[in-house]
Amino acid sequence: MSQAFMQVEGLRKTYQVRRGLFGRPKPLHAVADVSFDVQPGTTFGLVGESGSGKSTIAKMLMLAESPTEGTIRIGDHAVTSMKKQDQARFHRELQPVLQDPYSSLNPRMRIGRIIDEPLRIHDVTEFGPHKQRVAELLALVGLPPEAAGRYAHELSGGQRQRVSIARSLALSPKCMILDEPVSALDVSIQAQILNLLKDLQARLQLTYLLISHDLAVVAYLSQRIGVLYLGEFMEIGNAEDVMSRPRHPYTQALIASVGARSGGASANLVQGEIPSPMNPPSGCLFNPRCPHATERCRQEKPVLRDFGNGQLAACHHAETITFRSFAADAAEAPATHRPRGTNL
Amino acid sequence: MASDIILQAKSLTTVLRTASGVVRAVDNISLEVKAGRSLALVGESGSGKSMTCMSMMGLLPGNGRLAAGEVFFKGRDITKISPREMQALRGREIGMILQDAMTSLNPLFTIGEQVGEVFKFHQGVTDKAELRRRSVEVLEKVKIPAAEGRLDSYPFQFSGGMRQRVSIAINIALSPSLLICDEPTTALDVTVQLQILKLLRELQKAQNMAIVFVTHDLHLAAQFCDDVAIMYAGRIVEAGPIVDVFARPAHPYTRGLLKAVPSLESYKRPLTAIPGHQPSLAKLPPGCRFEPRCAYALDVCRQQYPDWFEWEPARRCACWRTADSLDGTLAPLHGVDQPADAPQRVRPPVEIQLARPGVGAAA
Amino acid sequence: MPDTTTALPKLTRRPAEPSVTVLPPRSRSRYGARVQLLLALAVAIVLVMLAIAPGLVVQRDPTAIALGATLQPPSAEHWLGTDQLGRDMLSRVVYGARISLFVALCAVTLAGVLGALIGVTAGYLGGVFDAIAMRVVDIQLALPAVILALVLVGAVGPSLFNLIIVLSLANWARFARVTRSEALTLRTRDFVLLSRLAGASRIRIILSHIAPNVVNTFIVLATLDVGIIIILEATLSFLGLGVPPPQPSWGSMIADGRQYLETAWWICGIPGLMLMVTVLSANLLGDALRDWLSPTASRNW
């Protein structure tokens, strides 16, 4: 088993939130005990809805925030135990691409200077003169060389995102954190950027950590997928396994919610809304909304169990739940069941 | 039956005065929606889909005006009526649900007050107890649990999905004949989206409403709506029953969209991006507006705006190469086109069943 | 499965509806704004030229006293009349313009640079520095300029230099406040975060990311400030705390002319009018600049 490029162990981020002026601070567990590995040259996709903690994980991996607990290893180095100064070196290994193409570029700087800023900061000459490197990077992301003299407001959303990608690649990092890279783009442009990212990964042997709320996007690019809910993993596995044989009811709900819209068969409809992370449910985090929940789920929090082939799910009843895939026609008996109680 | 056409637009045109000049945000839009059916207006940002709805409702921004065309609501031309009459219509017969429920609800008033307002203004109900009773009734219709107790809560105390339900409640309270939904689920979490759509569908059935559903999400439209009109740069480029349009798309833009959107069913299928980007509305070409991005474009496409090509059932497409597209002889003239995967055949909307483990046949 | 029937259905064809022709906007509102801007610009240019080369317009010494020709109304010889000491009003007004503009420019620049530096750094760094800086700003805003001038002038005596210092000290807080709030907004933008994650030092971020985006606001504020400073200077000169005599200043001319309002209104009136026109044009210029720069700025985002 080759050494994983990125290893995350027991990552945790807790905020102390004070309610009101005199209230005692209450802990908010944005991320609770998250562990995963990413093999070099592959994409690990983190999928989750609001409150899942995926953005917080992204920030911690980008080293924009420090975890409350847990370790992150990138390459051979334990990043979390490094001093701030040494961490600065890791910005050369790992670069982010953020969601908003309009906020990611300084409106008063020319594109060429935006892209070569990392080179100027680190005074890097190993890629040749900066001008040449900028031209190379622009070609890599599919932009014409004239773009270097333009300003951000002259480019479209998709083009700006390409510039962001070019800047992230300036120092030739080994890994990119992609935080909702296409969510803010038009539908017809999303495919352009996704294909670009796929292409770059193959060409430059990049490792990606992809974060998105859109399961289809994650499934398109990732080899392994992790499903987050309220700061914890509900399921992790290879993309094929998670998409065709999901074990956790939440994953099933995500697939069915969207798959049903594309004409997929009946799904276990999830009731209610995502509870506030300040007031997580007892036992299994998903139990108030789960159509299969039992008393045990309310009392006892399930741990991630191995279902073979590297697929892990945190559910007491994963073996007994059958998920109807899209291909099967729905002919089961009509539901007699009750909404579990929504969280308001 | 012509009598159950609830909404009909004929060559609707809206112009906007912007910093870059006067643009035709909505250009000759003609559509119709019958009672009990839903029409999806699909397009990307800047295609004019939201502006079309605003134009039909008489809610244009200050820098816009209706330049041409008519809009008929139940046979009556609503572009010619006074703002007062329009306002009365909007509350009583037409509902509008917008994307961000937080801004559709007034943060300073309780839910009960806002729902009750509908009955107060349009039906003249003043008795407090009666208002509360009717409010609870309509909140229960949108499946808000423990509605009686929630009447005195404020919008900020509700989650996004709940607020959207309240917004829906306010709009369907008087059983309108037409409901306009502008991306009502885009801001919601995926697991909540389906609940809201299911609710809308049930309400539509119960009240036999016509629905106009604006969205950029093709799969969502396919699941929820009966008919579709695809918009690009202010014009409709293709329209018809949604199952047919997505099964056998004629316009290159529709084909491009279907191939560019990742789907959950075949998630590893390579996506074919549509090259380029939308033209600026201030600098539109004289010919087909999609031509710069089209792999199948001919010279005529650049020179002359395409005619309408229409065929049964109720299909129309604005493309010179419609015939080639339909009989399978459409071949790319430039650029690389991936081998055409069959466009996803979309099944009609299915009823979502709740199931318990063990019940029913295993997959 | 794809539909295997690729037989062509019967197509009917009809021409597309023609798009309505759009005429370019009559831009009536923009026309008005354009005229305003041009007028303000014209006045500003004239004033600046007067300030730079007053000798081109007037030949007389503004400080030349001629007790034989006091309180003369405007005439062919003295276009704007003479004041109570027989000095030519035209020359005094023109040289007064020079003084006023010079003082205003220096004061605005000094206040602006100082205020912006403090504001931007406070906004970006936050924390203790921000807290302290903002308290100092609050103090400055609470102190009236006149009191400050009184104290300073009382301490070191009246002079042009002291005047400029006083005007700057009375004014920098406004710049600090505004630039700080700009910096606060900018701090949260993604490009600042990305720069930090690329390893940029705080100084680099402030200089290459925050400052250039604050410049637009700064320019508008500075232009609008010119009017305020001119009025302030006139006030101080009126009270005798500003430009020391015999140098002409519109403020001191107004003060001198107070007693002669009924008999020789021009001693008071003409400088007053000049003051009004100058400040008005400075304000209009500032507004026009803001309208011009803002649409670009919002397009930038």
Practice problem: Grab the other residues whose beta carbon is less than 13 angstrom from that of A:Leu98, score K and R as +1, D and E as -1, and report the net. | Solution: +1
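Relative contact order for chain A: what percent, with Cα pairs under 8 Å and sequence separation of 6 or more? Walk me through the numbers on the way to the answer.
Numbers: 653 pairs, mean separation 63.4, N = 344.
Once divided by the residue count of chain A, the mean separation gives 18 percent.
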Self-check item: Using θ = phi - 60° and Karplus 6.51 cos²θ - 1.76 cosθ + 1.60, couplings along the range C:250-266 (whole Hz; Gly, Pro as x)
Solution: 4, x, 5, 5, 5, 4, 4, x, 4, 6, 9, 3, 7, 8, 10, 4, 6
Practice problem: Taking only Cα atoms and a 10 Å spring cutoff, compute GNM fluctuations for chain A and point out the largest among A:Val218, A:Val134, A:Val187. | Solution: A:Val187
Quiz item: By the gyration tensor of its Cα atoms, with a ≥ b ≥ c the square roots of the eigenvalues, what is the shape of chain C: rounded for a/c under 1.5, prolate for a/b over b/c, or oblate?
Solution: oblate
Practice problem: Determine the sum of side-chain charges near B:Gly234: Lys and Arg each +1, Asp and Glu each -1, restricted to other residues whose C-beta is under 10 angstrom from that of B:Gly234. | Solution: +3
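Using R₀ = 56 Å, calculate the FRET efficiency as 1/(1 + (r/R₀)^6) where r is the Cβ-Cβ separation of B:Ala146 and C:Ala142; round to 0.05. Provide the component values of the computation, followed by the final result.
Working: r = 53 Å, r/R0 = 0.95.
After rounding, the FRET efficiency stands at 0.60.
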Quiz item: Going by a ≥ b ≥ c, the root eigenvalues of the Cα gyration tensor, does the range C:5-151 fall in the rounded group (a/c under 1.5), the prolate group (a/b larger than b/c) or the oblate group?
Solution: oblate
Practice problem: Identify which of B:Ser47, B:Ser280, B:Ser104 has the largest mean-square fluctuation in a Gaussian network model of chain B, with springs joining Cα atoms closer than 10 Å. | Solution: B:Ser280
Quiz item: Anyone know which of B:Pro176, B:Pro262, B:Pro279 comes out most mobile in the 10 Å Cα GNM of chain B?
Solution: B:Pro262
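Run the helix sum for the protein assembly as shown: -39,500 (n - 2.57) per DSSP H stretch of 4+ residues, divided by residue count, reported at 222 nm to the nearest 500 deg cm²/dmol. Don't jump to the answer; show the numbers that get you there.
On the way: 34 runs with 416 residues, N = 1008.
Calculated from helices alone, the mean residue ellipticity at 222 nm is -13000 deg cm²/dmol.
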Practice problem: With N set to the residue count of chain B, report its C-alpha Rg divided by 2.2 N^0.38 Å to two decimal places. | Solution: 1.06
Practice problem: Return the lysines within reach of B:Lys80: Cα separation strictly under 18 angstrom, same-chain partners fewer than 8 residues apart disregarded; answer none if there are no such residues. | Solution: B:Lys10
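Considering only DSSP states other than H, G, I, E and B, which GluC sites (Glu not before Pro) in the range A:46-139 qualify as loop sites with at most 11 other Cβ atoms within 10 Å? Please report the intermediate quantities before stating the final value.
Values: sites: A:Glu49, A:Glu65, A:Glu69, A:Glu93, A:Glu126, A:Glu136; in loops: A:Glu49, A:Glu65, A:Glu93, A:Glu126.
Listed in order of number, the matching sites are A:Glu126.
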Quiz item: Mind checking which lysines have their C-alpha under 20 Å from B:Lys120, skipping anything on the same chain fewer than 8 residues away?
Solution: B:Lys128, B:Lys141
Quiz item: So, in nm, how far is label C:Val22 from label B:Thr18 when the simple model puts each one 7 Å beyond its Cα toward the Cβ?
Solution: 0.8 nm
Quiz prompt | Partner lysines for B:Lys283 [C-alpha distance under 23 Å; skip if fewer than 8 residues away on the same chain] | solution = B:Lys49
Practice problem: Quote the FRET efficiency, to the nearest 0.05, computed for C:Leu56 versus C:Asp291 with a Förster distance R0 of 35 Å and r equal to the Cβ-Cβ distance. | Solution: 0.60
Self-check item: Theoretical FRET efficiency, 1/(1+(r/R0)^6), r = Cβ-Cβ of A:Phe22 and C:Val151, R0 41 Å, to 0.05
Solution: 0.40
Quiz item: Counting pairs on different chains as well as pairs 8 or more places apart, how many Lys pairs in chain A have Cα atoms under 25 Å apart?
Solution: 22
Quiz prompt | Residue exposure sequence - B:Thr103, B:Thr254, C:Thr63, B:Thr272 - by fewest surrounding Cβ within 10 Å | solution = B:Thr103, C:Thr63, B:Thr272, B:Thr254
Quiz prompt | Once exposed loop trypsin sites (Lys or Arg not before Pro) are cut out (DSSP; at most 10 other Cβ, 10 Å), longest piece of chain A | solution = A:84-344
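Just add up the charged neighbours of C:Val22: K/R +1, D/E -1, any other residue whose Cβ is under 10 Å from the Cβ of C:Val22.
Numbers: positive: B:Arg17, B:Arg24; negative: none.
Neighbourhood net charge equals +2.
Each reported figure results from applying straightforward, stated rules to the coordinates on display, with no laboratory input. The model shown is predicted, which means the values in this text are computed figures rather than measured ones. Don't worry about glycine lacking a Cβ; one is built from the backbone with ideal geometry, like all the others, and counts go over all protein chains shown.
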